[in-house]
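The values are calculated or read from the model by the stated rules, or taken from the named source; none is laboratory data. Every value quoted in this text rests on a predicted model; they were computed, and no experiment measured them. A quick note on method: Cβ atoms are made from the backbone with ideal geometry, for glycine too, and the neighbour counts reach across all protein chains shown.
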Amino acid sequence: MHEIGVLTKTVDLVENLAKDNGLDHVGYITLEVGELTGYVPLFFEKYFPIVIEERPLFQGTELRIQTVRGQALCSECQSLYNVMKQQGKCPKCGSREKKILGGQQFLIKEIGY
């Protein structure tokens, strides 16, 4: 369960950014989580209150998560498809050779105050 460590580092980073910019409260944090990262957004939501509970800067902070689909382009037939839905296999030709186009990112997309 890497989500707790990743979430803790994320909150640390946001806390440092907020302090560097003179903010005394963070209203929300928006994370962009790709389907292919292996992270489970539900765990971020579950553990966020625990990670922020001793940090006054985050009292009442909302965690927003945007999931980015794992998209790929088939190397054989050039079809675009969702890797997760198709279990890594092109629905048109059956090839597993592909170029990943999206869904591998984990980003702090937005910090609101």
Quick one: Gln104 ticks every box in (1) in contact with a Leu (Cβ under 6 Å, 6 or more places away or on another chain); (2) farther than 21 Å from Thr8 by Cα; (3) of a type outside the set (A, V, I, L, M, F, W, C) bar one, so which box is it?
(2)
Output for Cβ contacts, cut-off 9 Å, separation at least six or different chains, first residue touching a residue at least 40 places away in the same chain (Cβ under 8 Å) in the range 12-32, second hydroxyl-bearing (Ser, Thr, Tyr) and exposed (fewer than 13 other Cβ atoms within 10 Å of the Cβ), reads Ala18/Tyr113; Leu23/Tyr113; His25/Tyr113; Val26/Tyr113; Gly27/Tyr113; Tyr28/Tyr113
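Which of the residues spanning the range 33-59 are closer than 21 Å to Glu15 by Cα and touching a strand residue (DSSP E or B) at 6+ places or on another chain (Cβ under 7 Å)? Give the derivation first.
Applying the first criterion (closer than 21 Å to Glu15 by Cα) to the range 33-59 yields 33, 41, 43-59.
Val33, Pro41, Phe44, Glu45, Phe48 - these are the residues of the range 33-59 that are closer than 21 Å to Glu15 by Cα and touching a strand residue (DSSP E or B) at 6+ places or on another chain (Cβ under 7 Å).
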With the requirement that a residue be aliphatic (A, V, I, L, M) and assigned to a loop (DSSP other than H, G, I, E, B), what does the range 7-35 give you?
Leu23, Val26
Go through the range 1-40 and give me each residue that's loosely packed, with under 13 Cβ neighbours inside 10 Å and under 23 Å from Val83 (Cβ atoms).
Met1, His2, Gly38
For the range 20-36, which residues satisfy the criterion of being farther than 14 Å from Ile108 by Cβ and within 17 Å of the chain's Cα centre (by Cα)?
Glu35, Leu36
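Could you list, in sequence order, the residues of the range 1-15 that are aliphatic (A, V, I, L, M), at pLDDT 95 or above and out of contact with any Lys or Arg (no Cβ under 8 Å at 6 or more places or on another chain)? Show your work before the answer.
Quick first cut of the range 1-15, residues aliphatic (A, V, I, L, M) only: 1, 4, 6-7, 11, 13-14.
Going one step further and asking which of them are at pLDDT 95 or above, we end up with 6-7, 11, 13-14.
Selection gives Val6, Leu7, Leu13, Val14.
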Go through the range 54-113 and give me each residue that's among the acidic types (Asp, Glu) and under 22 Å from the mean Cα position of the chain (by Cα).
Glu62, Glu110
